[in-house]
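See structure below.
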Amino acid sequence: MSQRLHAALAATTAALLGLTACSSPSTAAPPDGSTAETLRIVGFAVPEAANKAIGEAFNQTEAGQGVSFQTSYGASGDQSRSVVAGLDADYVHFSVASDVTRLVEEGLVAEDWDQGENAGVVSSSVVVFGVRDGNPKGIRSWADLVRPGVEIITPNPASSGAARWNALAAWGQVVADGGTEQEAAEYLDQFFANVVALPNSGRDATTGFLAGTGDVLMAYENEAILAAQHGQGFEYVVPETTLLIENPGTILVDATPAAEDWLEFVLSDAGQREFALKGFRPIRDGVDFGGVVEGSADPTDPFPQVPHLLTIEDDFVDWPTLTEKFFAEEGGIVTEAIAHSGKATR
């Protein structure tokens, strides 16, 4: 692209929490006479652990007997472009809907992929602030993020879907509080002026924060919970106004037959239970995950109600509209804010 947003963080390892870039859940033996299938999953980095747990549960079902997994995880935009370039996939799980739209335009995914009851969404979370132990900078609100001396780490919107959710939340909270769009743009300028690192993905941002970069990590709630589950936790704040993150997932038009059973299982209560236990908010009410999620700020109330929860549909129209408005290479509101901060090169 003509305008590239560079990462200020050198570390791009995907080794956080012992998760590998390619992995395979244990696979139950197929019934006599059946043929084993390999399901190729391509996703953004953050849900790798959840998808692995779902895979293990799926293998215990009749439909999942004998199914093995070949996986690839990375920054959402990069993964989407890799599938277009020829990376084999049966099922994709991306951060933002626009990364699936790219595959629709290439004829790799059906145009009606998001017409089901779940509207194409397979996992959800909210934008939170990760902070250092004891919250020494006293970060509680969006206003605190733009105080002088507060250092923020957030992923790069050029490659990361997580970065786009973070930036939209930062802009949207101003308008939701009665501010004008101009005031929201000015807030973004202040926000990105305090950003000290733009890593490639949400997982890379977490790795950088755990290594000591920044005072505040812009993150998915589930990413903070997962880190705590693996003994690398950090405190996090759910702001009073934040954005509902809805991650899309779908199968490709030439997917192996097991892919349809997989997607059905992902959307089932059993699949959503595994998401919840890894820190994702179930995509619908009534999913029984036992009521306790280890690693959350309050394990017995892991997904507290957000007083002012923004959504794409209610506050940003849709992904095609907001992608042009906020992330266009020329004139996008977020693109311009990062350029004003001096963290972009042409």
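The values are calculated or read from the model by the stated rules, or taken from the named source; none is laboratory data. Nothing here was measured: the structure is a model prediction, and the numbers come from that model. Cβ coordinates were reconstructed from backbone atoms using ideal geometry, including for glycine residues, and neighbour counts include every protein chain displayed.
Among the residues of the range 25-33, is there at least one that is buried (at least 24 other Cβ atoms within 10 Å of the Cβ) and either modelled with pLDDT of 95 or more or of a type in the set (D, E, K, R) (or both)? Looking for residues that are buried (at least 24 other Cβ atoms within 10 Å of the Cβ) and either modelled with pLDDT of 95 or more or of a type in the set (D, E, K, R) (or both), one finds none in the range 25-33, hence no. Of all the residues in the range 201-256, those that are part of a loop (DSSP other than H, G, I, E, B), in contact with a Phe, Trp or Tyr (Cβ under 8 Å, 6 or more places away or on another chain) and over 23 Å from W142 (Cα atoms) number 2.
Residues of the range 140-173 that are within 22 Å of the chain's Cα centre (by Cα) and β-branched (V, I, T): I152, I153, T154.
Please go through the range 83-102 and pick out each residue that is of a type outside the set (D, E, K, R), touching a strand residue (DSSP E or B) at 6+ places or on another chain (Cβ under 7 Å) and either modelled with pLDDT under 95 or closer than 17 Å to P248 by Cα (or both). V83, A89, Y91, V92, H93, F94, S95, A97, V100 - these are the residues of the range 83-102 that are of a type outside the set (D, E, K, R), touching a strand residue (DSSP E or B) at 6+ places or on another chain (Cβ under 7 Å) and either modelled with pLDDT under 95 or closer than 17 Å to P248 by Cα (or both).
Restricting the search to the range 84-129, which residues are assigned to a strand (DSSP E or B) and not aliphatic (A, V, I, L, M)? Those that are assigned to a strand (DSSP E or B) and not aliphatic (A, V, I, L, M): Y91, H93, S123, S124, S125, F129. Looking across the range 285-297, just one residue is buried (at least 18 other Cβ atoms within 10 Å of the Cβ) and of a type in the set (V, I, T), and that is V293. In this entry, R140 passes the filter for residues that are at pLDDT 95 or above and surrounded by fewer than 24 Cβ atoms within 10 Å (Cβ to Cβ).
Filter the range 238-266 down to the residues that are more than 17 Å from the chain's Cα centre (by Cα) and hydrophobic (A, V, I, L, M, F, W, C) and list them by number. I251, L252, V253, A255, A258, A259, W262, L263, F265, listed by residue number.
Taking the condition over 20 Å from V46 (Cα atoms) and touching a Lys or Arg at 6+ places or on another chain (Cβ under 8 Å), does F234 pass?
So F234 does not fit the description; no.
Checking each residue in the range 157-199 for being closer than 13 Å to E336 by Cβ and not in a helix (DSSP H, G or I) picks out only P157. Of the residues making up the range 174-204, those that are under 22 Å from the mean Cα position of the chain (by Cα) and among the small types (G, A, S) number 3. If you filter the range 50-82 down to residues that are among the aliphatic types (A, V, I, L, M) and modelled with pLDDT of 95 or more, you find that the one that is nearest to W165 (Cα to Cα) is A50.
Against the test of being in contact with a strand residue (DSSP E or B) (Cβ under 8 Å, 6 or more places away or on another chain), surrounded by fewer than 23 Cβ atoms within 10 Å (Cβ to Cβ) and within 30 Å of G149 (Cα to Cα), the options T213, T206, T256, T242 yield a single qualifying residue, T213.
With respect to the conditions (1) modelled with pLDDT of 95 or more; (2) over 21 Å from H308 (Cα atoms), G116 lacks only one, and its number is (1).
Please enumerate the residues belonging to the range 298-338 that are over 19 Å from the mean Cα position of the chain (by Cα), surrounded by 15 or more Cβ atoms within 10 Å (Cβ to Cβ) and of a type in the set (A, V, I, L, M, F, W, C). Within the range 298-338, I333, A337, I338 meet the criteria. For the range 80-131, the set of residues classified as more than 20 Å from the chain's Cα centre (by Cα), closer than 19 Å to S201 by Cβ and without any contact (Cβ under 8 Å) to a residue 24 or more places away in the chain consists of A85 only.
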